[in-house]
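Here the structure comes first, spelled out in structure tokens, and everything after it is commentary.
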Amino acid sequence: MERLVGLVIVIALHAAALWGLWQHRLLPTPREAMTLFVNFIAPPLPERKEEATPPPKPKPKSRPIEKPEPRQMIAETPVVAPTDYIAPPPPPQPAPAPVTEVPPRPLPVGPVALSSELSVACPVRTPPLYPLNSRRLGEEGSVVLHVELDEQGNISAARISASSGSARLDEAALAAVKTWRCTPATHNGQPVRATALQPFKFVLRGN
């Protein structure tokens with residue numbers, strides 16, 4: 001029942017709205033309401049002008065290929081007059097002589113013997129001390145030492161070659177020569193070992 005009443009109210013409202021619009025001429029009358037139909041007519045297409053086809057170009061005439069005439073290669077020799085002077089070819093240069101390398105001389109196996117006394121080759125040398133007991137006993141004499149040098153000029157060995165007759169004098173000479181610093185001997189520019197003799201003379205002098 002309630003749904004029916006609501007439906008009636010809705011219909012009444014729609015009827016009142018339509019009546020109001022008709023009174024104010026907002027809705028057209030059945031006579032005034034006409035359907036307009038518009039037909040679209042396409043304009044005629046423009047006539048296409050046929051383009052004139054250009055006449056074909058004439059093909060160029062092919063020229064005949066000319067074959068080159070064969071040529072002969074001739075080596076011409078210059079003509080030399082009898083009066084012309086021709087220089088003779090230079091004489092062949094002699095081949096250079098082969099360079100012969102001189103092998104280095106071998107170093108001596110043993111030490112080199114110096115021709116002079118050892119003191120000549122020793123810039124630093126200290127004289128031997130006269131033993132006190134030998135001075136008291138009046139011992140004198142000459143001793144000769146056989147000395148060996150190494151490659152650096154140092155005294156490597158020393159021994160008595162000729163004794164003075166006194167052991168104290170001989171030992172004093174040996175102790176002194178071992179402190180010497182000498183210039184090393186050379187052979188072909190290279191330092192080598194060497195030997196030399198060095199004499200010492202012990203002499204007492206008055207006070």
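Before moving on, here are some points about what is shown:
- The set of residues in segment 89-131 that are hydrophobic (A, V, I, L, M, F, W, C), at pLDDT 85 or above and part of a loop (DSSP other than H, G, I, E, B) comprises LEU114, CYS122, LEU129.
- Checked against the criteria, PRO128 does not count as surrounded by 12 or more Cβ atoms within 10 Å (Cβ to Cβ) and in contact with an Asp or Glu (Cβ under 7 Å, 6 or more places away or on another chain).
- Filter result for LEU169 (of a type outside the set (Phe, Trp, Tyr), at pLDDT below 95 and either over 21 Å from LEU114 (Cα atoms) or part of a strand (DSSP E or B) (or both)): no
- Residue among SER134, SER156, SER161 that alone is over 23 Å from GLY110 (Cβ atoms) and either over 60 Å from the mean Cα position of the chain (by Cα) or part of a strand (DSSP E or B) (or both): SER134
The values are calculated or read from the model by the stated rules, or taken from the named source; none is laboratory data. As the structure is a computational prediction, the values presented were derived from the model and not from experiment. Quick reminder, even Gly has a Cβ in these numbers, built from the backbone with ideal geometry, and neighbours come from all protein chains shown.
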